Structures are given as C-alpha cells and as structure tokens.
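K.L.:
The structure's right below; bear with me while I get my questions together.
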Amino acid sequence: MNCKKLLTGVLVFLVTLVHAQNQSQDLITLNDRIFTVEDFKQVYFKNLELVQQQEQRTIDEYLDLFIQYKRKVEEARSQGLDKKQAYLKDFEKYQEQLSRNYVYEDNVTSKMVEQAYKRSKEELKTSHILIMCNWDALPQDTLVAYNKAENLRQKVLAEPEKFNDIAAAYSEEPEADQRKGSLDYFTVFTMVYPFENVAYGMEVGEISEPIRTQYGYHVIKLEDRRAVLPKRTVSHIMIATRFDSLNTAKDRILEIDALIEQGVPFEDLAKQYSDDKNTGVNGGLMRPFTKGDLKAPPFENAAFDLGEVGEISAPIQTRFGWHIIRLEDKGKMPTFEQEEDRLTKMVKLGDRAKIVTTAVTEKMKQELGSKEYPFRDDFLEILTDSIFQRKWKFIPFEGSKNKPLFTIGMKTYSFNDFGTYLEEKQGKVRPFQQFSTLLDMVWEQFEREKVKEYFKQNLEQVNTDYAAVINEYRDGLLIFDVMDKNIWRKAKNDSLGLQNYYESHKRQYMWKDRIKGAIIQTTDEASMDEALELLRRGKSPSAVKAQLNKNGAIRVVISEGIFEQGSSKLPPTYVLKRGLSDVFESPGQFSVIQADEFLPSGVKSYEEVQGSVLSDYQNQLEAIWNEELAAKYPAKINKRALKRLKRELKKK
C-alpha cells in the first residue's frame, strides 16, 4: 500500500473524528448562533433549585425556557438595544466591577483586611489642628505649612490641656473657632486613611507628629478609645402611624403594654397585633443591629438602654410608629470570617484603593509583560500655562518624534496616545500649580487605565468563569430592556387593552363571601361573658371596649373592618353570616364575631385588581410574542447531543 495514501487517509479520519466530536457538543443552533451542551448545563445547574420550585423538572421543559430566553436576546440585538448608550454604560460599569474579582489577589488586600477588622472593634475620639496645604503646593510653601504645624505641636506639647483652645485660635479647619478641633467618635473607614492610620497607633493623651493628608498637615490628639457595641437582637411590637387617620396608634400600644403587664405572652401579642408583619409572624423578632444601622435613634437608644435579656421597654415613638421592645440577646462582635467579605469590599474602595490598585497594576504588568520609555522631558517642553486654565491644545508629534511610550502585552502606546489623553483629562483632574505634578498624576492614570483595559479585553478569552458570568449579565441587561420595550411598558400604556382584558376575564377576580363588623377578643372567659352580655343588649363593639377597658386594664381587644372568608383574623371554623357568632376558643384566647353586614361573593372592581390585571395582561402579551419569536428565530436541536445530555443528567 502506498504510504502517502495511508497517511492521508489517517489524517482525513482524524480530522473527521475531531469535527464530529466538536459537532456533538453543539446543542442548539439559533439564528446562526451556536449554543453548546456546556452553555446549557452551566445555566441549568445554576438555576436548578429555581427550576424545581417551578416544577419545570424535565430537560425538555427547561430547554424550551433556555431557547425562549436566547430568542429574546436575539430580538434585543435585532432592535438595536445592544447599541443604546444606557445599556453600554450599565454593562461597562458591571464589567469594571466584575473584572476586579479576577484582578485583585488575596495577598494584595489580606493585610489591610486584617488591620481593618482589628480597628473595627474600637471607636476613637480625637481632636486635631489642621494647617491647610495643597498636594500641589510649591516645595517652599509645603515647608512653611509643615513648620507652622510643627510649631503648634510644640505649643500643645508644652500645654496639652489647652489643645482645644490652641486649635480654636490657630487651626485652619472651617469653623475651628466653634468646634475647637474636636471630632466625633469614629471607627475604621470613617476618616481619610493617613489620619486613621496614625490615630489608631496612638495612646490616649498622646499628640502626634504633623501628619500629611490631602487637606494639609494635622496635629492629632487622641482623647479616648472605646469598644464598639456589638449588634443586639430584640423583638418588638409596632403599631404604625402611617395610616393612623384616627390617631388611635398610641392608645392601641398602651393597651398592648397593659396586656403585657397582665402576663399575656409578648410573642402572642406580636403575632396578633404588630403592624410589622415581617417580624410579627416570628413573635416580633428582628435582625441584629447596632447603633446607626436602623437610622431610628429613639428605637436604637431604647434597645441599647435595656440591661438584661428579657427586659421590656416602655412604649416609644419613632417616625414609623409606636413600639414596645424586648431584649433577646446582647450580641457578640462578629468574627473575622464573618466580616472578611465586607471588609475586603471596603478595602478596595476609598483611600486604600490606590494602595491596592498600585499593587494590582504592578502585578498585571508583570503577568502581561511591560516596558516603559522616557517621556517626561519631551512633554515638559511642550506644556504651557494654558494647561492650568484647562485650555492647552496638544499638537501631535510628527514622524520619529512620536516615540513609543510604553508597551503592555502585544500593545504599544505612543507619545501621541498620551498627548491626546493629557489634553482630554486636563479638565477632569484637580487643579495643579506645577507641570511635573500634573504630568505625574495624569501619567499614573493613563498607565493604570490602559493596563486594566488591555487586561479586561483579554480576560474573556483566557478565563472561562469570567466569560460565563459576563455573558450572563450582558444577556440579562438585554432581556430587561427588550421586555420593558415590548411587554411591560406596552401593557402599562395600553389602557384600552387592560380594560378589555379585565372585562373578558372577570371571573378570575372574585371576592369570596365577606362580612362587615368587628372581632372581639379576650384572654379570659369572664371578660368574654361580660362582652357577650353587652353585645346582646345592643351595645356597639366600641361601647363594649369603653366599658370593659377601665383604669388601665385591657380586658378586650377589638378589630373592626371588612373580613373575607379564609382571613387569618377569623377563626378557621367560623361560618360567615350576619349577627353575633358563637364563642371560639383557642389556647389563651376567646373570640366572638359581630357581623353587621354580610357581603356575598362577587366580581372585584377594576380599580381593586388593577395590579393583578396588568400582570396577567403582560403574561398574555408575552405568550403571543413568544410564538412570534419562535417563527422568526427557529431553533435547530442536535438530538444526539440532547440524548447524551439527558443520560448524563439522569445519573446526577
């Protein structure tokens, strides 16, 4: 056999085999776009829990949802939504945030995170004297400011008890004569980092050397340091004042307070009467918090004034309503492991960001490979005073004078690239007085942006995890925009269509039988007997309440209104009918219903169900639209790949 023919045959067989294997991984072809088995599996496993909850448990059903989703993305592109400025801006913002997770390494931030955690356990009280000095000040001006700060430091060292008086007389901080240099208690991330860094390293009563920040030179005196209060856990009962048109909220909270005094369990009262339904179902239990978290000082102060677990506050008022608070747990400071993620995010923001960013930029330069070339002298020759008025015009370097500036990876930037950038940024950087300072600042930004830009552009090709997440977000933004344009806004603005939909589907929007009246509840049988006697004699529920609840004793609680069959406020076995019901007994409670009017089942008015009608109408429009998209973007499914996929997923 001819060896050349044999070799050719083997190569053809191998190429065919590889091509067939690659094809076998293609699952769906949609409008010339191919989605692989891995594309589907990645989304399927990520949403598996949601899929089960919605009872879309078969592969075929979820495959249909996947295809519908991708069709909408295709339609969004067809409508040009991926070119809209709002979309591009949102995507760029997310891309910037996401890429940070793949750029910042633990060893860059870990020491700062550990430091921040340690500092978060303490609050500091300081006073300071500020001598203002711009970062861009001339060297001789910087020296004058430093010497002035040092002279004041010597002055307060001689008379430390007069620190605040000296601050009032000499500090250049705004309103220094009134504040006298005194600052509120602060903890980590509150002050600029250089100030915080020095303050946390001081002893109480110590006076610092002059410290340079963006504001100038500070002389700091540490007045006090104290432990940060741990998050407390409380339960509460709230009577809201938002819709309290009759001004009865205070009376109701006082009635509940009296019931607590009479021994009725706090949890039962919270479940039954609290207007904070999210906590009421759990007996009023709230999430842990510390001072400042709730933005409700009266509530926070009352909670932290409670001394022992189980202690209950007197009724207190906040902007939300009236509350009674019970202390459940004094709490403990969170562990490092519990705080690590939050602190890591904080370290990557603010003053610390530059320290982290500089380290990360250097790391990317090392990974990608970089080279820098001399440029300062060439640019200092062409800069004029007009740049300080932000009116400088860059004249491009010609020919060989347009030298390379720096190289990152396979990309080289030239003098003209930087000159154009410098002209653009001159109006966006803070004012400077020195060419060299301005040049260094803009160069630092230019280098950082271009290194990060190159890294991000290549990240999607080299990191499959990043590519999957960024594609998911890219498609998610388009789905939102295309749904808003074609379904949500369309339905909301179609008042005639909404009214017609309601008229055609009225039977979907029905009231059950209802009563209009009052529910009378007591905790003891004797009080219920008295209430019944009064009701049978024709007394109104309000009159019953007024007669039985005297001298601070709360014997009955009355809820008036309209109650629908199946309401949680009605006893489960109560049959709706006009008149006075039998007494219903449950653990620790007796109830009777006075129904003044029986309201039979009927159709709800359009105004009562407008929100539900809108949602249902949108669903109808989407179903019709899905059929149109299916005709416009037919999907071709690789049945062999789907069969293998089903076998694989069945084993898991």
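The values are calculated or read from the model by the stated rules, or taken from the named source; none is laboratory data. All values derive from a computational prediction rather than experimental measurement. Cβ sites come from the backbone with ideal geometry, for glycine too, and all protein chains shown count toward neighbours. Ligands, DNA and RNA are stripped out before the accessible areas are found, and what is left, the full protein with its side chains, is counted by its heavy atoms. Shrake-Rupley method; radii C 1.70, N 1.55, O 1.52, S 1.80 Å.
K.L.:
For a paramagnetic label modelled at 7 Å from the Cα of Val462 toward its Cβ, which residues of segment 397-418 fall within the zone defined by backbone nitrogen distances under 20 Å?
P.N.:
406-413
K.L.:
Quick one: how many Å² of Ile520 are accessible to a 1.4 Å probe, rounded to 10?
P.N.:
So the heavy atoms of Ile520 present about 0 Å² to solvent.
K.L.:
Reachable lysines from Lys604, Cα under 19 Å, same-chain residues fewer than 8 places away excluded?
P.N.:
Qualifying lysines at Cα under 19 Å: Lys506, Lys512, Lys516.
K.L.:
OK, next. Ignoring ligands, DNA and RNA, what accessible area per residue does the chain give at 1.4 Å, in Å²? Don't skip to the end; give the middle numbers.
P.N.:
Details: 38130 Å² over 652 residues.
Counting only protein heavy atoms, the per-residue value for the chain is 58 Å².
K.L.:
First compute the accessible area of segment 413-503 with a 1.4 Å probe, then give the percent of it belonging to carbon and sulfur atoms.
P.N.:
Answer for segment 413-503 is 47 percent, counting heavy atoms of protein chains only.
K.L.:
Describe numerically, in nm with one decimal, the distance between label points set 7 Å from Cα along Cα→Cβ at Ser436 and at Lys277.
P.N.:
6.9 nm
K.L.:
Right, something else. If Rh is defined by the Kirkwood formula over all Cα pairs and Rg also comes from Cα, what ratio Rg/Rh do you get for segment 501-652? Mind dumping the intermediate values first?
P.N.:
Values: Rg = 26.8 Å, Rh = 20.2 Å.
Using Cα coordinates only, the ratio equals 1.33.
K.L.:
Go ahead and estimate [θ] at 222 nm for the chain from helices alone: -39,500 (n - 2.57) per DSSP H run with n ≥ 4, summed, over the residue count, rounded to 500.
P.N.:
Details: 26 runs with 331 residues, N = 652.
Computed mean residue ellipticity for the chain: -16000 deg cm²/dmol.
K.L.:
How high is the relative contact order of the chain? Use alpha-carbon pairs under 8 Å, at least six apart in sequence, and give a whole percent.
P.N.:
Numbers: 817 pairs, mean separation 93.9, N = 652.
For the chain, the relative contact order is 14 percent.
K.L.:
Additional query: By how many nm would the segment from Asp224 to Ala623 grow when fully extended, if each residue of separation counts as 0.36 nm and the alpha-carbon distance is taken off?
P.N.:
Details: separation 399, 0.36 × 399 = 143.64 nm, distance 6.56 nm.
Between Asp224 and Ala623, full extension yields 137.1 nm more.
K.L.:
If you average 1/r over every pair of different alpha-carbon atoms in segment 307-405 and take one over that average, what Kirkwood value in Å do you get?
P.N.:
Roughly 21.0 Å, rounded to one decimal.
K.L.:
Would you list, by chain and number, the aspartates and glutamates whose Cα falls below 12 Å from the Cα of Lys550, excluding same-chain residues fewer than 8 positions away?
P.N.:
Partners within reach: Glu255.
K.L.:
Starting from 0.36 nm per residue, how many nanometres of slack lie between Arg640 and Glu607 once their C-alpha separation is accounted for?
P.N.:
That works out to 6.6 nm of additional length.
K.L.:
For Lys291, go through the aspartates and glutamates and keep the ones whose alpha-carbon is under 13 Å away, minus same-chain ones fewer than eight residues off.
P.N.:
Here the aspartates and glutamates satisfying the reach criterion relative to Lys291 are Glu123, Glu300, Asp305.
K.L.:
Given 0.36 nm per residue, what is the gain on full extension from Asp26 to Arg242 after removing their alpha carbon distance, in nm? Intermediate results must be reported in sequence, preceding the final value.
P.N.:
Details: separation 216, 0.36 × 216 = 77.76 nm, distance 5.77 nm.
Stretched fully, the Asp26-Arg242 segment lengthens by 72.0 nm.
K.L.:
On a 24 Å Cα-Cα criterion, which of the cross-link pairs Lys401/Lys450; Lys391/Lys411; Lys83/Lys632; Lys354/Lys401; Lys84/Lys485 come out too long? Walk me through the intermediate numbers first.
P.N.:
Numbers: Lys401/Lys450 22 Å; Lys391/Lys411 30 Å; Lys83/Lys632 21 Å; Lys354/Lys401 33 Å; Lys84/Lys485 13 Å.
The answer is Lys391/Lys411; Lys354/Lys401.
K.L.:
Once you put a point 7 Å from the Cα of Leu157 and another 7 Å from the Cα of Glu449, both along the Cβ direction, what distance in nm separates them?
P.N.:
4.5 nm
K.L.:
Between Thr290 and Asp251, what FRET efficiency follows from the Cβ-Cβ distance if R0 is 41 Å, with the result rounded to 0.05? Each step should come with its number before you reach the end.
P.N.:
Values: r = 32 Å, r/R0 = 0.78.
Computed FRET efficiency for Thr290 and Asp251: 0.80.
K.L.:
What FRET efficiency, computed as 1/(1 + (r/R0)^6) with R0 = 51 Å and r the Cβ-Cβ distance, is obtained for Arg578 and Lys485, rounded to the nearest 0.05? It would help to have the intermediate numbers written out before the result.
P.N.:
Numbers: r = 52 Å, r/R0 = 1.01.
For R0 = 51 Å, the calculated efficiency reads 0.50.
K.L.:
Hey, what do the phi angles of segment 511-526 turn into as Karplus ³J(HN,Hα) couplings, whole Hz, using 6.51/-1.76/1.60 and θ = phi - 60°, x for Gly and Pro?
P.N.:
Values per residue, Gly and Pro as x: 7, 7, 4, 9, 10, 10, x, 9, 10, 10, 10, 9, 9, 9, 5, 4 Hz.
K.L.:
Let me ask something additional. As an exercise, use a Förster radius of 30 Å and the Cβ-Cβ distance of Ser110 and Arg474 to find the FRET efficiency, rounded to the nearest 0.05. Before the final figure, lay out each step's value.
P.N.:
Working: r = 32 Å, r/R0 = 1.05.
My answer for the efficiency is 0.45.
K.L.:
Taking 32 Å as the cut-off for C-alpha to C-alpha distance, list the pairs among Lys70/Lys277; Lys277/Lys545; Lys46/Lys231; Lys345/Lys428 that go past it. Each step should come with its number before you reach the end.
P.N.:
Working: Lys70/Lys277 39 Å; Lys277/Lys545 25 Å; Lys46/Lys231 34 Å; Lys345/Lys428 26 Å.
The answer is Lys70/Lys277; Lys46/Lys231.
K.L.:
Treat segment 109-224 as a sphere of radius equal to its Kirkwood radius over Cα pairs and apply Stokes-Einstein at 10 °C in a medium of 1.306 mPa s; give the translational diffusion coefficient in µm²/s, rounded to a whole number.
P.N.:
Working: Rh = 14.6 Å.
Rounded to a whole number, D works out at 109 µm²/s.
K.L.:
Turning to a different aspect of this structure: In segment 128-193, carbon and sulfur make up what percent of the accessible area (probe 1.4 Å)? Display every interim value, and only then the final one.
P.N.:
Details: 1910 of 3680 Å².
Looking at segment 128-193 in its full context, I get 52 percent from C and S.
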